[in-house]
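What follows is one structure encoded as structure tokens, with my remarks underneath.
Coordinate-derived values only; no laboratory data. Remember, predicted model here, so these are calculated numbers, not experimental data. Ideal geometry is used to build each Cβ from the backbone, glycine not excepted, and the neighbour counts take in all protein chains shown.
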Amino acid sequence: MQTIDDFVRLVRDELGMPLAEHQVSADLDQLPDWDSLYLLKLVTALEQATGRQLPVGRLLEARSLSEIYRLAAGT
């Protein structure tokens with residue numbers, strides 16, 4: 001996962017979530033059907049894609065997918 005586009009593709013593929021570009025920066029509460037199960041699936045997929053463990057505690061505090069991306073990408 002190199003770019004935000006890679007991240008969006010991962011979310012779409014792994015979660016089956018039809019994610020529009022503008023939704024990446026939206027609050028997670030604003031995403032249709034978002035719940036904690038999606039977050040757990042996403043963490044697992046991100047760890048597999050990056051090949052490293054991610055700071056799950058910080059990911060749980062994230063308020064948007066763009067924040068999750070920044071944490072996963074290390075930016």
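Here the stretch 39-75 is scanned for amide nitrogen atoms under 15 Å from the site 7 Å beyond the Cα of Asp29 along Cα-to-Cβ, giving 61-65. The loop-placed chymotrypsin sites (Phe, Trp or Tyr not before Pro) in the stretch 13-75, going by DSSP, include none that has at most 14 neighbouring Cβ atoms within 10 Å of its Cβ. Distances between placed amide hydrogens fall under 5 Å for Ser64 paired with Leu28, all partners being 5 or more residues away or on another chain.
Per-residue Karplus couplings for the stretch 20-32, computed as 6.51 cos²θ - 1.76 cosθ + 1.60 with θ equal to phi - 60°, are listed in order as 7, 3, 5, 6, 4, 9, 6, 4, 4, 5, 8, 7, x Hz, Gly and Pro entered as x.
Evaluating 6.51 cos²θ - 1.76 cosθ + 1.60 at θ = phi - 60° for every residue in the stretch 53-69, the Karplus couplings come out as 6, 10, x, 4, x, 5, 5, 5, 8, 4, 9, 8, 5, 5, 5, 4, 4 Hz, glycine and proline recorded as x.
The relative contact order of the chain comes to 37 percent, based on Cα pairs under 8 Å that sit 6 or more residues apart.
Summing -39500 (n - 2.57) over the DSSP H runs of n ≥ 4 in the chain and dividing by its residue number, what mean residue ellipticity at 222 nm do you reach, to the nearest 500 deg cm²/dmol? Before the final figure, lay out the partial values.
Values: 4 runs with 42 residues, N = 75.
So the calculated ellipticity at 222 nm is -16500 deg cm²/dmol.
Mind listing which trypsin sites (Lys or Arg not before Pro) in the stretch 1-58 are in a DSSP loop and have 10 or fewer other Cβ atoms within 10 Å? Kindly include the intermediate steps, with their values, before the conclusion.
Values: sites: Arg9, Arg12, Lys41, Arg52, Arg58; in loops: Arg52.
Sites meeting the loop and neighbour criteria: Arg52.
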